[in-house]
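Take a look at the structure set out below.
Just so it is clear, none of the values below were taken in a lab; they were calculated from the coordinates. Everything quoted here is computed from the prediction, not taken from an experiment. No Cβ is skipped: glycine too gets one built from the backbone with ideal geometry, and neighbour counts run over all protein chains shown.
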C-alpha cells in the first residue's frame, strides 16, 4: 500500500476524499448533467420565446437555483423514514385544494392559486403532484402485492379525490398528471392485467359521462382539437399557429431569435406551454430531436433507478415519477403538434414558471435520493 | 427470512422489472410517434407551413390612390382632399368571436358616442367579404377629442384602431353640388360593379355629376405594399412597395365667382341658372336651387338630415339645371322665327294684325296672346321684341309640327348634348311620332299652336336652353357642351379626347341666308334695349349690348275666359319665369338660361338675374383690367 501510495500520490488524495462529492451529496451526476443540458437549452429558447427578455431569463434562473437547492435538500432525505408523515401531507394537501376552491385566486376563468399571508402565492395542486404518488406508494407498499381489489379501490379513491378537486378549478392538465401518477403507482404495484383491462373498458364507457361533466370551455377545446379549422380565429388559432411555427421550422430551423411566428406574436404562450413550437421553429427538427433525446435519457435513467431500487416503496415511487415526467413530455409536445387537446401541461424544465420547476426538480431529487440509497454491489 | 418470502420477493421484483420494460416500450412507441409527427410537420409538410408562415407574416396591403383635385377655370380649388380619422375594429384580433366584438363595442361606447345605426352599419360591413386582418370601419370623422380619448384608453381596447384616410372635401360646398356632384361611401351595388382590385383600398366613389363621370380619371390606380405584420396587424416593416398612381386633376370651365353669384341670386327661390361660354361650349355656371351641402354626403349623412332633404317639398336633391323639365315658353320664339324663315314656309316680310288672340277656325277656341287687346300690326322683329304669341300661333299653324321640331332639334332640344353630366335628361321634343307613341294620338293643329309658343308637350332643361342660347349667339356654331376644360393641364376639346363617348351633337346650323342670323340677333338685342323690349328694364343702363329673350311658362291651365291674376293664385301655380340670352351682343362671352319656378313673368323674375351675371362676367373682368390700366397710368 505504501509503495502504491508512494508511486501514486494522486490516488492517495483520491482515496482520502472517500466516496466522492457526488456520493456525499447523494446526487446522480448522470441525471444532473441531463438536467443542466435541458435547462440551458430551455433558457436559450425561453430568451427567444419571451421576446428577448433578459428579465424573464434572470427570473427563471433564480427559480432554477431555488429549485436546485430544493432538489439537493430532498436528496438528503430518506423518504422511507418520513413515510409515517405521508398521510398527514395528503390530508393537508386535500384541505389546501378545498381552500383553493373556496378562497383561491386566479385568472382566465380558472381558480388555481392560494394566497396565504406570509407565504408566496402557490398552487396546492403542484404540491399534490408529489404527494399523490407518495401517498399511493406508501399505501400500496404496506399492502400485499399484487394488490387486492379492495386496496386498488382505496387507491383509486385516494387519487380521485384530489383529481376531482383540481379538475374543478379547473386545471385539466394538472388533474391529468396527478391522475396518471397515481395510476402508475397502482400499475407498478403489480395490478393484475385483468383489472387494468377492466379499468380501461370502464373508462371507455365513462367517456360520454365525462363529456357531459366538462365545462363549456373544455368542451370547446375538445371540439377545437378535433377540428381546429372550424374556428381558425378563435379557439383553433393556437393549434393552427403552433403547427405553422413547427412546420415552417423545417429540418434545421429558422435560426435562434429568427422565428417569425413567435416574434411577430402569431404564436400564443410562446414562453410557457407552447415553447416547444418556438424551439421547433428556430432550431428545426434537429433541435426538437435533441431535446427529445435528452428527455429520453432522463426517462431511461429514471427507469434504471426504479429497476435497481429494492424496497417496494422506492421502486413504485421512482417508476411513477419517471413515467409522470414522460406524460409531461408526451402531452405537451402532443398538444403543441396538434395530436392532443390543449390541456395546459408545461414542457418540463423548459417552460417558464416557478412552481412546475420546483415540483419537477423535487421529483428528480426523490429519484436521486432513491438512487443514492440503492443496495451497493459488493 | 423464509425462502417462500424470498421467492415472492424475487418474483415480485422480476414482475416489476417486466412492467418497467412494458413502460419503456410505451415510451419508445410514443417518442417514435412524436418524432414521426414532427417529421410529418417539419419535413413532409414543410413547404405548406413555410408558405403559411410567410402568408402570416407578409401581407399585401392595398394603398389607396389620392383622388384627383377639381379646379375652376381660374385655378380655384373646388374639390380637394382632407384627412379624416375613422374608428375601426380588426375582428381577427378580438378574442372570443362575436362576443369579443360586442365587448369591445361596449367598451368603446363608454369612450366615444356610438349609436345603434353605427353598430348596424358596422355589422353590415363586417359580414361583407373582406381581407383577413383588415380593419372594419365603425365611425368616421372622429374629432380630435375623440381621437385623444380612444388613444388614452387604447390598452383596454384591443383590436381598435384609428385609421387616417384622405377624404373628399368641397371647400365651397353648398352652391356647387349640382355642378360637381359628390363622392360618397361605396355601397353594395357599386361594389359589385367596380374593379375590386383597383378599389381594394378605396372607400369612396363619385356618386353624381362630374365626380361620377370622371370617376376613372379622378380615382387613379391602386398601389400595393408587402408588409410584415404581427398577429395584431401592426405593421413592423415594409418589405416592398408599389406606389399608387394618384388620380388626375381636372380643371373645369366653371367660374367659381360666377357660380357663387348664380347660387346667391337663386337663394330662397326654386330655379336654375346655366351659363355657357359660347366660344368653347364650356359650362361657366350651373346652379340649381334649393341646394344642399355635399360634404355631409362624403362621410355619411345622418338619417335625419337625409330624410329632411328627401322629404322637402322644394326638392333640394333634385338637379333642376340638368333634370328640370320646363316648358321653354317664349324663349323658343327666335328658333321658331328661324324655322319659319329658313324653311321658306314663312316669308321674311310676313306680318299680321294681332287682335290679342288667334283662332284656328272662325268662332273656335281662342288662343290668347299675353297682352289683352293685342299688339296691332306685328312682323317678325316685333314678334320677338314684344314676344307676340299671336304671331307664333299663326306661323306655327302654317308650318305644322315638322319644321318646328326639326329646327328645335338643331338647337339641341330633345337630346342630351352635355357630355359629362351623367344625370342630364333629354326632356321632350314632341314630334308627331313622339305623340303617336306617348299619347297614342295624332298631331293636331292646336298642338302646333302650343308648340309655337313653347308650351304644350314641349319641355326643356335649363342646360338645353343655355345650349340653345349658345347656338343662337354663335349664329349656328356648335361646341360640345361640357364641364371639363383640361385634365392634368391637357386641354380637352371633346370628351372623346380622353377616350369617352361624345354625345350625339347636331351639326352647325347653316341657314340659307346668313343674314337671317342678324335679323334674329337684332330682334333679341331690341328685347333688351328696345323701347318696347320685354327685357328692356334688365338691359337698361348698360355699357355693353346684350341679346336675350324672356319667357313665361304657364303652370296652370287658364280657362278660356278668365284672366291670369298672380295675386290670387297659390304660389305653386304661379308662372315660371324664364330667360335666355348672351352678352356682349357681338362677340359674346357668356350665354345663359335662367329659370325661376313660380317666379312670375320672365322679364321680372329671370332677366334681372341674367343681367347681374352678365355684368359680373363682362364688367367684373373689365373693371379689373380698367383698374389695372388706371393704376399703370397713375404710375
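Put a dot 7 Å past each Cα toward the Cβ at residue B:490 and residue B:402; how far apart are the dots in nm?
That separation, rounded to one decimal, is 4.6 nm.
Relative contact order, percent, of region B:272-312 when contacts are C-alpha pairs under 8 Å separated by at least 6 residues? Provide the component values of the computation, followed by the final result.
Details: 23 pairs, mean separation 11.0, N = 41.
The value is 27 percent.
Calculate, for residue B:107 and residue A:98, the FRET efficiency according to 1/(1 + (r/R0)^6) with r their C-beta to C-beta distance and R0 41 Å; round to the nearest 0.05.
Result of the calculation: an efficiency of 0.65.
Expressed as an acute angle from 0 to 90° and rounded to the nearest 10, what is the orientation of the C-alpha long axis of helix B:46-57 relative to the principal long axis of chain B?
Around 50 degrees separate the two axes.
Got a sec? How would B:224, B:391 order by Cβ neighbour count within 10 Å, fewest to most? Don't skip to the answer; put the middle values down first.
On the way: B:224 17, B:391 30.
Final ranking by Cβ density, sparse to dense: B:224, B:391.
If one takes the longest principal axis of the Cα atoms in chain B, at what angle in degrees, from 0 to 90 and to the nearest 10, does the Cα axis of helix B:116-127 lie?
That works out to roughly 70 degrees.
If you take the alpha carbon radius of gyration of the protein assembly as shown and divide it by 2.2 N^0.38 Å, what ratio comes out, to two decimals? Each step should come with its number before you reach the end.
Numbers: Rg = 47.5 Å, N = 1013, 2.2 N^0.38 = 30.5 Å.
Cα Rg divided by the expected 2.2 N^0.38 Å: 1.56.
Where does each of A:304, A:71, B:286, B:528 land when they are ranked from fewest to most other beta-carbon atoms within 10 angstrom?
A:304, A:71, B:528, B:286
How high is the relative contact order of region A:78-214, given as a whole-number percent (alpha carbon pairs under 8 Å, six or more residues apart)?
On the way: 134 pairs, mean separation 31.9, N = 137.
That works out to 23 percent.
First measure r as the distance between the Cβ atoms of residue B:245 and residue A:121, then evaluate 1/(1 + (r/R0)^6) with R0 = 56 Å and state the FRET efficiency to the nearest 0.05. Walk me through the numbers before you get to the answer.
Numbers: r = 60 Å, r/R0 = 1.07.
Rounded to the nearest 0.05, the efficiency is 0.40.
Give me the three principal axis extents of region A:225-378 from the C-alpha atoms, as integers in angstrom, largest value leading.
Over region A:225-378, Cα extents along the principal axes are 60, 29, 25 Å.
What FRET efficiency comes out for the pair residue A:214/residue B:63, r = Cβ-Cβ distance, R0 = 60 Å, nearest 0.05?
On the way: r = 48 Å, r/R0 = 0.80.
E between residue A:214 and residue B:63, to the nearest 0.05, is 0.80.
Using the Cα gyration tensor of region A:78-214, with a ≥ b ≥ c the square roots of its eigenvalues, what is the shape: rounded (a/c below 1.5), prolate (a/b larger than b/c) or oblate (neither)? Intermediate results must be reported in sequence, preceding the final value.
Values: a/c = 2.87, a/b = 1.28, b/c = 2.25.
Note, shape of region A:78-214 comes out oblate.
Rg/Rh for chain B to two decimals, with Rh computed the Kirkwood way over all alpha-carbon pairs.
Working: Rg = 36.5 Å, Rh = 29.2 Å.
Checking Rg against Rh, the ratio lands at 1.25.
So how much slack lies between residue B:51 and residue B:381, counting 0.36 nm per residue of separation and subtracting their Cα-Cα distance, in nm?
The residue B:51-residue B:381 span can extend by a further 110.3 nm.
Is the shape of region B:273-387 best called rounded, prolate or oblate, per the rule: a/c under 1.5 gives rounded, else a/b larger than b/c gives prolate, else oblate, with a ≥ b ≥ c the square roots of the Cα gyration tensor eigenvalues? Don't jump to the answer; show the numbers that get you there.
Numbers: a/c = 4.09, a/b = 2.16, b/c = 1.89.
In terms of gyration-tensor shape, prolate.
For chain B, find the longest principal axis of its Cα atoms and tell me its angle to the long axis of helix B:389-399, 0 to 90°, nearest 10.
80
Shape call for chain A from the C-alpha gyration tensor, a ≥ b ≥ c root eigenvalues: rounded (a/c under 1.5), prolate (a/b greater than b/c) or oblate?
Oblate, because a/c is 1.5 or more while a/b does not exceed b/c.
Please give the average number of partner chain Cβ atoms lying within 10 Å of the Cβ of each residue in A:248-257, rounded to a whole number.
On the way: counts 14, 7, 7, 4, 1, 1, 2, 0, 0, 0.
What the average comes to for A:248-257 is 4.
Just rank A:246, A:305, A:223, B:27, fewest to most, by other beta-carbon atoms within 10 angstrom. Each step should come with its number before you reach the end.
Values: A:246 33, A:305 26, A:223 15, B:27 21.
With the sparsest Cβ surroundings first, the list reads A:223, B:27, A:305, A:246.
Pairs of Cα atoms under 8 Å, at least six residues apart: use those to get the relative contact order of chain B, whole percent. Mind dumping the intermediate values first?
Details: 1249 pairs, mean separation 81.9, N = 635.
It comes to 13 percent, rounded to a whole number.
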